[in-house]
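*Asks:* Handing you this structure, nothing more for now.
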Amino acid sequence: MHDGHTGGRSADSARVIDVDDLPDGLVVTDRDGHVLTVNRAATRLTGVTREQAEGRHVRDVFSLRDQDGRDWWKWLDPYGGLPARTRQPELPLRTPSGQEMLVAARLVRAPERGGEVVRVVITLRDARVRARLERSRADLVSTVAHELRSPLTSVKGFTATLLAKWTRFTDDQKLVMLETVNADADRVTRLITELLDVSRIESGRLEIHRQVVDIPARVRRIIDGRVAAGEPEDRFRLQVRGELPETWLDQDKIDQVLANLMENAVRHGRGTVTIAVEPNEWGVTVSVRDQGEGIPPELVTRVFRQFWRGNARRRGGTGLGLFIVKGLIEAHGGSISVQSGPDGGAEFRFMVPTGTPDFA
Ligand SMILES: Nc1ncnc2c1ncn2[C@@H]1O[C@H](COP(=O)(O)OP(=O)(O)O)[C@@H](O)[C@H]1O
Ligand SMILES: [Mg+2]
């Protein structure tokens with residue numbers, strides 16, 4: 001199963017399916033439970049190699065047990081049970097060393113239904129990944145609830161106060177309260193819009209509608225907008241190096257990425273914000289850097305996480321911006337990273353492939 005395609009068939013290599021390519025662990029046994037093959041992911045999960053396992057009984061080499069310590073193979077009982085039974089749903093099992101994994105099995109019968117078991121195909125998945133996912137989902141719900149509650153508490157507080165004591169406040173005081181209410185309502189709306197983006201990214205429902213996008217022109221437009229809103233013109237510097245290829249991207253999403261990175265550079269950074277656009281081997285590289293304090297190397301892996309805000313909690317952001325930016329770039333088939341720029345500030349650098357029209 002494993003060695004059949006090495007040598008002589010390289011032209012076909014893209015079409016040959018190798019069990020070692022599977023993301024999950026795979027163990028196949030014969031009708032008696034003797035191991036026929038073990039893939040690389042299974043070795044990674046259990047520490048048992050193909051050489052160690054082949055020909056031996058699955059119970060002896062893997063000895064998987066359920067929470068109550070029962071031997072899983074005995075439990076699976078391929079020859080007992082209903083003859084129509086073909087699968088064992090996924091269960092959390094442990095190895096003798098205490099490692100937990102999710103194990104499912106399929107009983108291959110001949111003839112297909114009701115026949116004798118001829119092979120048992122077992123899949124193994126790392127339980128820690130799922131546990132981590134479940135934990136992060138629970139965290140997400142509580143963080144979202146918390147993030148929504150603080151602006152709503154302020155909205156409720158000010159409106160209740162105004163309603164109860166309307167005549168006791170001057171117009172100026174009322175104006176300040178209403179402005180706060182207005183800003184908090186905006187914050188809730190922004191948070192919900194961003195959460196919808198997060199949900200689209202996480203579920204893979206993000207759609208990319210490609211058109212020719214002139215990246216320097218998009219940057220210029222965002223700069224013009226910010227300058228029109230009162231920022232000094234020399235705050236931004238756009239550099240285009242070399243000849244850029246034609247890029248087919250989702251214009252709204254690229255605008256969102258650029259606006260987010262530039263907003264961060266202004267809000268979390270300092271000094272001049274430099275946006276450099278240059279060609280690379282397969283597309284375009286864009287870097288956005290500032291002259292602020294930058295991001296300490298040990299925090300670099302965290303900035304792209306949901307709700308991570310460093311010590312910027314008071315600066316009004318949601319901590320979702322960079323998570324969304326990364327999702328948008330990856331949806332284009334690109335990548336993004338951050339490092340220290342030449343002036344010590346943060347330098348976010350993303351690459352997008354040139355892409356092709358949607359209909360191509
Ligand atoms: N240019 C920058 N310089 C320094 N820190 C930054 C920069 N950009 C982002 N960060 C840090 O990364 C965090 C996450 O950014 P982001 O996801 O956009 O959230 P938000 O801007 O809402 O706080 C910020 O809170 C800040 O601590
Ligand atoms: Mg931001």
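The values are calculated or read from the model by the stated rules, or taken from the named source; none is laboratory data. Note that the structure is a prediction, hence the values are computed from the model and not measured. Every residue, glycine as well, gets a Cβ built from its backbone with ideal geometry; the counts of neighbours run over all protein chains shown. These area figures cover heavy atoms from the full protein model, side chains too; ligands, DNA and RNA do not enter into them. Shrake-Rupley method; radii C 1.70, N 1.55, O 1.52, S 1.80 Å.
Yes or no, residue by residue, for (1) touching a residue at least 12 places away in the same chain (Cβ under 8 Å); (2) charged (D, E, K, R); (3) away from ligand 2 (no atom under 16 Å from the Cβ):
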site	(1), (2), (3)
G230	no, no, yes
D234	yes, yes, yes
R241	yes, yes, yes
L244	yes, no, yes
N260	yes, no, no
E263	yes, yes, no
V266	yes, no, no
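*Asks:* Taking V325 as the residue in question, decide whether it is in a helix (DSSP H, G or I), within 15 Å of ligand 2 (Cβ to nearest atom) and either open to solvent by 40 Å² or more (accessible area, probe 1.4 Å) or modelled with pLDDT of 95 or more (or both). Steps first, please.
*Replies:* Numbers: in a helix (DSSP H, G or I): yes; within 15 Å of ligand 2 (Cβ to nearest atom): yes; either open to solvent by 40 Å² or more (accessible area, probe 1.4 Å) or modelled with pLDDT of 95 or more (or both): yes.
Yes; evaluated as a whole, the condition is true for this residue.
*Asks:* I would also like to ask the following. Does L178 meet the test of being assigned to a helix (DSSP H, G or I), in contact with a Phe, Trp or Tyr (Cβ under 9 Å, 6 or more places away or on another chain) and outside the structural domain of L261 (by TED's automatic domain parsing)?
*Replies:* Against the criterion (assigned to a helix (DSSP H, G or I), in contact with a Phe, Trp or Tyr (Cβ under 9 Å, 6 or more places away or on another chain) and outside the structural domain of L261 (by TED's automatic domain parsing)), L178 qualifies.
*Asks:* Among (1) modelled with pLDDT of 95 or more; (2) away from ligand 1 (no atom under 16 Å from the Cβ); (3) open to solvent by 50 Å² or more (accessible area, probe 1.4 Å), there is one condition W282 misses while meeting the rest; what is its number?
*Replies:* The failed condition is (1).
*Asks:* Shifting gears a bit: Sort out which residues of region 137-157 are open to solvent by 50 Å² or more (accessible area, probe 1.4 Å) and in contact (Cβ under 8 Å) with a residue 24 or more places away in the chain, and write them in order of number.
*Replies:* So the first thing to find is which residues in region 137-157 are open to solvent by 50 Å² or more (accessible area, probe 1.4 Å), and the list is 137-139, 141-142, 145-146, 149-150, 152-153, 156.
Within region 137-157, L152 is the sole residue that qualifies.
*Asks:* In region 261-279, what count of residues is obtained for those that are of a type in the set (S, T, Y) and either at pLDDT below 95 or surrounded by fewer than 20 Cβ atoms within 10 Å (Cβ to Cβ) (or both)? Steps first, please.
*Replies:* At the first step, the residues of region 261-279 found to be of a type in the set (S, T, Y) are 272, 274.
Among the residues that remain, those that are also either at pLDDT below 95 or surrounded by fewer than 20 Cβ atoms within 10 Å (Cβ to Cβ) (or both) are: 272.
Within region 261-279, residues that are of a type in the set (S, T, Y) and either at pLDDT below 95 or surrounded by fewer than 20 Cβ atoms within 10 Å (Cβ to Cβ) (or both) number 1.
*Asks:* Inside region 217-228, can you point out the residues that are away from ligand 2 (no atom under 16 Å from the Cβ) and open to solvent by less than 50 Å² (accessible area, probe 1.4 Å)? Give the steps one after another, and end with the answer.
*Replies:* Taking region 217-228 first, the residues away from ligand 2 (no atom under 16 Å from the Cβ) are 217-221, 223-225, 227-228.
Across region 217-228, the qualifying residues are A217, R218, V219, I223, G225, V227.
*Asks:* Here is a list of conditions, (1) surrounded by fewer than 16 Cβ atoms within 10 Å (Cβ to Cβ); (2) at pLDDT below 90; (3) under 20 Å from the mean Cα position of the chain (by Cα); (4) in a loop (DSSP other than H, G, I, E, B), and G333 meets all of them except one; can you say which number that is?
*Replies:* G333 satisfies every listed condition except (2).
*Asks:* Going by what's in this entry, would F350 be described as among the hydrophobic types (A, V, I, L, M, F, W, C), more than 9 Å from ligand 1 (Cβ to nearest atom) and either part of a helix (DSSP H, G or I) or touching a helix residue (DSSP H, G or I) at 6+ places or on another chain (Cβ under 7 Å) (or both)? Reasoning before the result, please.
*Replies:* On the way: among the hydrophobic types (A, V, I, L, M, F, W, C): yes; more than 9 Å from ligand 1 (Cβ to nearest atom): yes; either part of a helix (DSSP H, G or I) or touching a helix residue (DSSP H, G or I) at 6+ places or on another chain (Cβ under 7 Å) (or both): yes.
The answer is yes for F350.
*Asks:* Now for a different question. Report, by residue number, each residue of region 285-304 that is among the hydroxyl-bearing types (S, T, Y) and at pLDDT 95 or above. Before the answer, list the steps.
*Replies:* Step one: of region 285-304, the residues among the hydroxyl-bearing types (S, T, Y) are 285, 287, 301.
Result: T285, S287.
*Asks:* Contact list please: Cβ distance under 6 Å, first residue in region 84-99 and touching a residue at least 24 places away in the same chain (Cβ under 8 Å), second residue part of a loop (DSSP other than H, G, I, E, B) and among the polar types (S, T, N, Q), pairs at least six apart or on different chains.
*Replies:* Between residues of region 84-99 that are touching a residue at least 24 places away in the same chain (Cβ under 8 Å) and residues that are part of a loop (DSSP other than H, G, I, E, B) and among the polar types (S, T, N, Q), the close pairs are P96/S63.
*Asks:* Exactly one of these conditions fails for I295: (1) near ligand 1 (Cβ under 8 Å from one of its atoms); (2) open to solvent by 80 Å² or more (accessible area, probe 1.4 Å). Give me its number.
*Replies:* (2)
*Asks:* For region 233-248, check the following and say yes or no: at least one residue is out of contact with any strand residue (DSSP E or B) (no Cβ under 7 Å at 6 or more places or on another chain) and open to solvent by less than 10 Å² (accessible area, probe 1.4 Å). So that I can check it myself, show each step before the final result.
*Replies:* At the first step, the residues of region 233-248 found to be out of contact with any strand residue (DSSP E or B) (no Cβ under 7 Å at 6 or more places or on another chain) are 233-234.
When the remaining residues are screened for being open to solvent by less than 10 Å² (accessible area, probe 1.4 Å), the result is none.
No, region 233-248 has no match at all.
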